1. From the residues Ser142, Thr103, Pro176, which one has its Cα farthest along the dipole of segment 87-207 in the positive direction, the dipole being from +1 and -1 charges on Cβ of Lys/Arg and Asp/Glu about the Cα centre?
2. By how many nm would the segment from Gln20 to Ile183 grow when fully extended, if each residue of separation counts as 0.36 nm and the alpha-carbon distance is taken off?
3. Could you report segment 38-125's accessible area per residue, 1.4 Å probe, as an integer in Å²?
4. From the mean inverse distance of alpha carbon pairs (Kirkwood) and the Cα radius of gyration, derive Rg over Rh for segment 228-282.
5. For segment 109-126, take each phi angle, set θ = phi - 60°, evaluate the Karplus expression 6.51 cos²θ - 1.76 cosθ + 1.60, and give the result in whole Hz per residue in order, putting x for glycine and proline.
6. DSSP beta bridges in the chain, what fraction antiparallel, as a percent rounded to 5?
7. Between segment 56-71 and segment 204-230, what is the separation of their alpha carbon centroids in Å?
8. Take the Cβ-Cβ distance between Ile248 and Arg133 as r, set R0 to 45 Å, and report the resulting FRET efficiency rounded to the nearest 0.05.
Amino acid sequence: MRPPSPSIPEKDFLFSALKQGLRLDGREFLETRPVTLTFGPELGWVECSLGKTRVLTQVDAKMVKPPPERPFEGFITIHSELSPMASSEFELGRPSEEEVMITRMLDKVIRRSDVVDKESLCILSGQRVWHLRLNVHCLSDSGNLLDCVCLAGIVALKHFRRPDVEVVGEDVTVHPPTFRAPIPLSLHHNPYCFTFAFFSDTSLNPVLDPNLLEQRLNGGLISIALNAQRELCVVQKSGGVPLEPGDILKIVNVAAVKAKDLDAFVESRLQEDWEGRKIEIR
């Protein structure tokens, strides 16, 4: 379903506020909405909220036989679901343009940037490897769903623990969590995505983490994925107004600072959750 166009009063009110240096929710132009991370009873179950935008992610693992061309590597698949529960703009069986863009960006950020060390997922060369499945369920879309989805996926992978295995010859034994402590995934880096909205009126400054109305009235979006070490992973611009190289460098520097702060917040929340869990080893 095509999203309804904002009314003329809504459009005039938003642009009038932006010209005065104000945003409708009281944030600064380069300020994100508050991030909330909720961890479920199982490892790898994470609910991420970016303001009122909410995403639920879950990671599970199973042993499979690797393809013959990559006998030493495990693999990861990503399944995303954008149902009408998140927004009336989404329809089951008919992916919208935004849904396709989110799915492709999530694949670039997590799978193609080699977040997970695939060789560490190998159990027995050519016979057994771990297959990770990342399930993403969008619960509510109040703008900038992409950043929330990418953050939830990264945190779920960091939160997940796979079962410990023992290999004797060609015999593989999977130990339950009650017998041996589960093992965290080996991750190369932790990229985070930040989306900036530009407007057709070039006198208006770009805004970080646009809400739903800002996203519908933007003149162009640019999404930047990078980690806390300032390593640029993905830059995606979905049409709209042209940008000068200097403007892009400015927002990359802003995203680098935000990535460092967000990484520290994620690590602190994961540490809090892990300290509150009781892992009993028999």
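1. Looking along the dipole axis, the top candidate is Pro176.
2. 53.5 nm
3. 53
4. 1.27
5. These are the phi-based 3J(HN,Hα) values: 5, 9, 8, 7, 8, 6, 5, 8, 6, 5, 5, 6, 8, 7, 9, 9, 3, x Hz.
6. 85
7. Using only Cα atoms, the two centres lie 33 Å from each other.
8. 0.80
The values are calculated or read from the model by the stated rules, or taken from the named source; none is laboratory data. Note that the structure is predicted; figures quoted are calculated from it, not measured. All Cβ positions, glycine included, derive from the backbone under ideal geometry; neighbour counts span all protein chains shown. Accessible surface areas use protein heavy atoms only, side chains included; no ligands, DNA or RNA. Shrake-Rupley method; radii C 1.70, N 1.55, O 1.52, S 1.80 Å.
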